[in-house]
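> Attaching a single structure in structure tokens format; questions to follow.
The values are calculated or read from the model by the stated rules, or taken from the named source; none is laboratory data. Worth saying up front: this structure is predicted, and the values here are computed from it rather than measured. Neighbour counts run over all protein chains shown; Cβ positions are idealised from the backbone, glycine included. For the accessible areas, the whole protein counts, side chains as well, though only heavy atoms, and no ligand, DNA or RNA atoms are used. Shrake-Rupley method; radii C 1.70, N 1.55, O 1.52, S 1.80 Å.
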Amino acid sequence: MKSIITLIIFILASNQIGISQWEDRSISTSDPVQSVDFWNEDLGFVIVADKIYKTTDGAENWEVSYDHPTSLLLRDITFVEEEVLIAVGFDFNMNSNIVLKSTDLGENWNLVSSISNFILNSLFFTSSTTGFVCGSSGMLYKTVDAGSSWNQIVTDTGLTLNSVHFVNDSVGVIVGGQPLNSIILKTINGGDEWNPIEPPTNDYLQSVYFVTEQTGYAVGWNGVIIKTEDCGSTWNVQNPVEMVGNIKVFFTDELTGYVAGGQMDVTSIQKTIDAGETWEDISPEYSIGLMDLYFPSFDIGYVVGIGGLVLKTENGGVILSTSNLKSNESVSLYPNPAWNQVYVEVENEKKIQKIEIYDHKGQLIKTNSMNISSFNLDVSNLQSGIYYLNILSSNDSTLKQLVVK
């Protein structure tokens with residue numbers, strides 16, 4: 001009887017555990033991490049002031065890939081091909097922007113171009129040879145030789161261009177503006193000509209991302225979110241998120257997306273699983289502003305920010321709070337308590353994509369990936385105690401408590 005009472009008390013106490021879903025993979029520097037890009041779940045790069053860092057093990061370790069000898073502020077980096085990368089920055093000694101290129105996965109970097117004396121903000125490549133970079137004062141440049149040379153494209157605006165995204169080789173969208181003034185530009189001929197699109201808001205737009213050729217999102221100051229469903233020709237204001245500061249948007253599928261930002265001392269991440277109809281705050285317990293985010297796969301993602309901050313999630317950033325375990329009748333878990341195996345099943349024709357097992361301290365101890373509606377989970381190697389199963393389907397997650405005898 002005493003052991004049963006103790007177990008009940010332990011379960012009640014355990015229900016107050018919060019399981020953090022963002023792991024700290026930061027770089028030892030006081031400078032902000034401006035941009036992040038990954039080729040796959042393990043291979044990625046970030047830029048920090050005058051340095052480029054590389055990881056080959058999913059941000060477990062970082063090594064310096066490039067260290068500029070003079071005063072340089074790097075702004076953006078992107079993969080062109082698996083071993084080819086382009087980075088842009090502003091060299092204060094030269095008083096001009098520079099373009100860096102590596103063709104050997106960051107082992108060597110070469111200065112391939114000096115474009116102008118305007119700040120460049122965003123890179124996007126539509127192929128291994130064709131790419132674009134936009135920046136302040138309406139500056140826009142195009143390359144057709146993988147970044148070796150750049151030609152200016154006239155945009156007929158003096159406003160800052162913050163983000164560029166193409167849906168195919170021909171159609172692309174740029175967003176930007178200035179405080180209390182937004183701008184949207186669209187091309188349908190491969191970036192040679194750009195036409196203004198009427199924005200539905202005056203908020204300063206910071207980032208644009210297309211999920212499909214028709215559906216795209218742009219975000220800006222004061223947490224504004226706008227959405228297009230006709231390839232950027234018209235835009236509608238969505239429900240805003242509670243966010244200020246640098247704001248970036250990224251979607252992993254047509255339903256699931258993220259917005260990251262915050263001020264100097266505010267870390268803010270919002271997530272949607274219903275195509276932007278609603279957003280949930282999944283911010284970790286940090287007080288550092290975020291600059292960029294990238295998800296190389298559906299579940300695994302990275303956010304970066306001030307003071308060398310790099311945070312990683314392996315389950316889509318969902319913060320599991322055991323104080324409100326979901327009572328989801330469409331998810332079955334039995335027997336519970338379990339000894340050797342536990343049977344997990346979801347109904348309504350859904351399929352389990354992943355099961356994560358956490359111990360009573362909130363530490364992730366095991367992950368199983370799959371694509372089936374039922375699964376026999378081996379728990380024979382787990383010690384007796386309380387565990388939490390996070391059961392992820394294509395557009396939902398359910399947290400269940402499991403007792404192992």
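> At most 16 other Cβ atoms within 10 Å and a DSSP loop assignment: could you name the GluC sites (Glu not before Pro) in the stretch 335-405 that fit?
Sites meeting the loop and neighbour criteria: E347, E349.
> Could you pull out every one of the lysines with an alpha carbon less than 18 Å from that of K271, ignoring same-chain neighbours closer than 8 positions?
Counting by Cα, and skipping residues close in sequence, K271 has these lysines nearby: K227, K248, K312.
> Can you give the charge dipole size of the chain about its Cα centre, rounded to the nearest 20 debye, using +1 on the beta carbon of Lys and Arg and -1 on the beta carbon of Asp and Glu?
The dipole of the chain has a size of about 960 debye.
> Sticking with this one: Give the share of C-alpha pairs in each 10 angstrom bin for the stretch 205-259, from 0 to the last occupied bin, in whole percents, shortest bins first.
27, 60, 14
> How much length is gained on full extension from K405 to T367, taking 0.36 nm per residue of separation minus their Cα-Cα distance?
Length gained between K405 and T367: 11.7 nm.
> Using 1/(1 + (r/R0)^6) with R0 = 25 angstrom and r between the beta carbons of N40 and V64, what's the FRET efficiency to the nearest 0.05?
0.75
> Sticking with this structure for a sec: Give the long-range amide H neighbours of G289: residues separated by 5 or more places, or on another chain, with amide H under 5 Å away, using H modelled in the peptide plane at 1.01 Å from N.
D265, V266, I306
> Counting DSSP beta bridges with both partners in the stretch 217-320, what percentage is antiparallel, nearest 5?
Counting DSSP beta bridges with both partners in the stretch 217-320, the antiparallel share is about 95 percent.
> Under the Karplus relation 6.51 cos²θ - 1.76 cosθ + 1.60, θ = phi - 60°, what is the ordered set of whole-Hz ³J(HN,Hα) values for the stretch 132-143, x standing for Gly and Pro?
9, 9, 10, x, 5, 6, x, 6, 9, 10, 10, 10
> Follow-up question, since we're still on this one. Out of every Cα pair in the stretch 277-316, what percent are spaced more than 10 Å from each other?
74
> Could I ask something else about it? Can you run phi through the Karplus equation (6.51, -1.76, 1.60; θ = phi - 60°) for the stretch 288-302 and list ³J(HN,Hα) in whole Hz, with x for Gly and Pro?
9, x, 9, 10, 7, 8, 7, 10, x, 8, 4, 9, 8, x, 10
> Using a 1.4 Å probe over the heavy atoms of the protein chains, calculate the carbon and sulfur portion of the accessible area of the chain as a whole percent.
Looking at the chain in its full context, I get 46 percent from C and S.
> Also, quick follow-up: If each DSSP helix of 4+ residues adds -39,500 (n - 2.57) and the sum is divided by the residues in the chain, what number results at 222 nm, nearest 500 deg cm²/dmol?
Roughly -1000 deg cm²/dmol at 222 nm, from the helical runs in the chain.
> Round to the nearest 0.05 the FRET efficiency obtained for S30 and E81 when R0 = 41 Å and r is the Cβ-Cβ distance. Each step should come with its number before you reach the end.
On the way: r = 33 Å, r/R0 = 0.80.
Efficiency at R0 = 41 Å is approximately 0.80.
> Considering only M291, M264, M243, give the residue with the highest GNM mean-square fluctuation for the chain, with springs between Cα atoms whenever their separation is below 10 Å.
Checking each option, the largest mean-square fluctuation is seen for M264.
> With a 1.4 Å probe and all protein chains left in place, how much accessible area per residue does the chain have, in Å²?
Counting only protein heavy atoms, the per-residue value for the chain is 43 Å².
> Highest first, please rank the peptides 375-385, 66-76 by the mean number of other Cβ atoms sitting within 10 Å of their residues. Write out the running numbers ahead of the final one.
Values: 375-385: 13.1, 66-76: 16.8.
The packing order, highest mean first, is 66-76, 375-385.
> In whole Å, what is the distance between the alpha-carbon centres of the stretch 209-246 and the stretch 115-178?
Rounded to whole Å, the Cα centres lie 19 Å apart.
> If you don't mind, another one. How big is the Rg/Rh ratio for the chain, C-alpha atoms only, Rh by Kirkwood, two decimals?
Reported Rg/Rh, Kirkwood definition of Rh: 1.02.
> For a test of the definition: using alpha carbon positions, the gyration tensor, and the 1.5 limit on a/c, classify the stretch 124-216 as rounded, prolate or oblate.
oblate
> Per residue of the stretch 170-177, what does 6.51 cos²θ - 1.76 cosθ + 1.60 with θ = phi - 60° give for ³J(HN,Hα)? Whole Hz please, x for Gly and Pro, Karplus curve as stated.
9, 9, x, 9, 10, 10, x, x
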